[in-house]
1. Once Lys and Arg get +1 and Asp and Glu get -1 on their Cβ, which of 37, 48, 66 lies farthest toward the positive end of the dipole of region 36-82?
2. Note the full-extension length gain between residue 123 and residue 50 as 0.36 nm times their separation in residues minus their Cα-Cα distance, in nm to one decimal.
3. Going by amide H atoms built from the backbone, whose H comes under 5 Å of the H on residue 36, apart from near neighbours?
4. Report the full-extension gain for the segment residue 67 to residue 87: residue separation times 0.36 nm, less the Cα-Cα distance, to one decimal in nm.
5. Assuming 0.36 nm per residue, please report the length gained on full extension of the stretch residue 115 to residue 78 beyond their Cα-Cα distance.
Amino acid sequence: MKSFLLTSVALLGLLSLSPGDEPAKPAPTPTPATKGTLPRDFKKLGLTDAQKIAVEKITGEARSKVADLEAQITSIREQEHKDALAVLTDAQRQQLKAILTAGVDDKPAPTPPAAPTPPTPTKP
């Protein structure tokens, strides 16, 4: 459901663009060297300072690579939506925009969770 909502919002944003417009992209921020951390149970192993530094470096580099990949995935998804919208006619884009707008506005408010029911006593 969350994925559908995010996709709907992304499509709605892209629909507001005319075919030649480019979405405004935030200025890329330089990625500082991410400091890694020790995995949870590694702290119990009595690692030397050199081992701790090595593992923190490994986890920091991995986090940096994952962040780069997540940025690539976001870019690919944005391009996918843009390309899919380019296939539609103007009338279809307007219809999709109306569908997505109606879907966001018509959702009922979430219902609060039900009160927990007390356990039923069992007879021995």
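Values in this text are rule-based calculations from the coordinates and carry no lab data. On a predicted model such as this, the values are computed, not experimentally measured, just so you know. Glycine also receives a Cβ, built like all others from the backbone with ideal geometry; neighbour counts cover every protein chain displayed.
1. Looking along the dipole axis, the top candidate is 48.
2. 20.2 nm
3. Result for residue 36 returns 60.
4. 4.1 nm
5. Gain on extension, residue 115 to residue 78, equals 9.2 nm.
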